[in-house]
Amino acid sequence: MALARTGRAINVDKPQFLAPQEMQHIINKCREAGNDRIILCERGSSFGYNNLVVDMLGMDLMKTMAPVVFDATHALQTPGGRTDSAGGRRAQAAALARSGMALGIAGLFLEAHPDPNKALCDGPSALPLGSLKPYLEQMKAVDDLVKAFPPLVTA
């Protein structure tokens, strides 16, 4: 793993076909190469009919392995959902991101565009640039709230 040997932080996108617990194998390979600076990125899993779904319990499990960021806009894609490109569910961008932030993850990754309907790539799931500030303010508020909770013993 030449990338891991650089010693630089590595953002590993979870493949859409891989189970969350299988990410440990990738982390182990990076560590064997001398690098433990790893971030895991959840982007949704293929559900089989132009739909990506996010496994919140799986993302919570990945947090025990490495810091997790959530690509909330990518997870809104509907691959093959349009005749010329992937579709998307931009209207659900806040609900999905708030759900991820409620897990106490390390952060969000997202796509924004001045006019998503004219974007050359991923427009149907990208946020309008003008909505970005209030969107991020909400996500930060959820993050602050969740991270202020004391740990609960539930097992």
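Our summary gives the chain a relative contact order of 17 percent, counting only alpha carbon pairs under 8 angstrom and 6 or more residues apart. Residues whose amide H comes within less than 5 Å of that of residue 39, counting only those at least five positions distant or on another chain, are 10, 11, 12 (H built at 1.01 Å from N in the peptide plane). Spatially, the range 87-119 and the range 1-24 are offset by 22 Å when compared through their Cα centroids.
Distance cut-off 21 Å, Cα to Cα: go down the list 14/140; 63/140; 63/147; 29/63 and report the pairs above it.
14/140
Modelled spin-label separation between residue 9 and residue 31, with each label point placed 7 Å from Cα along the Cα-to-Cβ direction: 2.0 nm. Under a 5 Å amide H cut-off, with hydrogens placed 1.01 Å from N, residue 88 pairs with 78 among residues at least 5 apart or on other chains. When the Cα gyration tensor is reduced to axis lengths a ≥ b ≥ c, the ratio a/c is 1.5 or higher for the range 17-155, and with a/b not above b/c it is classed as oblate. Rounded to the nearest Hz, the phi-derived 3J(HN,Hα) couplings of the range 108-115 under the Karplus curve 6.51 cos²θ - 1.76 cosθ + 1.60 (θ = phi - 60°) are 10, 10, 7, 10, 9, 8, x, 9, where x marks glycine and proline. The HN-Hα couplings worked out from phi for the range 93-102 by the Karplus form 6.51 cos²θ - 1.76 cosθ + 1.60 (θ = phi - 60°) are 4, 6, 4, 5, 5, 4, 4, x, 5, 5 Hz, whole numbers, x standing for Gly and Pro.
DSSP bridge analysis restricted to the range 1-145 gives an antiparallel fraction near 25%, rounded to the nearest 5. Under 5 Å from the amide H of residue 113 lie the amide H atoms of 127, 129, each residue being 5 or more positions distant or on a separate chain, with H modelled from the backbone and absent for Pro and chain starts. Helix content alone sets the calculated 222 nm mean residue ellipticity of the chain: runs of n ≥ 4 DSSP H residues at -39500 (n - 2.57) each, divided across all residues, give -8500 deg cm²/dmol. Full extension of the segment from residue 117 to residue 60, taken as 0.36 nm per residue of separation minus the current Cα-Cα distance, would add 17.2 nm.
Applying the Karplus relation 6.51 cos²θ - 1.76 cosθ + 1.60 with θ = phi - 60° to the range 7-17 yields 3J(HN,Hα) values of x, 7, 4, 10, 9, 9, 6, 5, x, 5, 10 Hz, where x marks Gly and Pro.
Readers should treat all values here as calculations from the given coordinates under stated rules, not as data from a laboratory. As the structure is a prediction and not an experimental result, all values here were calculated from the model. Cβ atoms come from the backbone with ideal geometry, glycine included; neighbour counts cover every protein chain shown.
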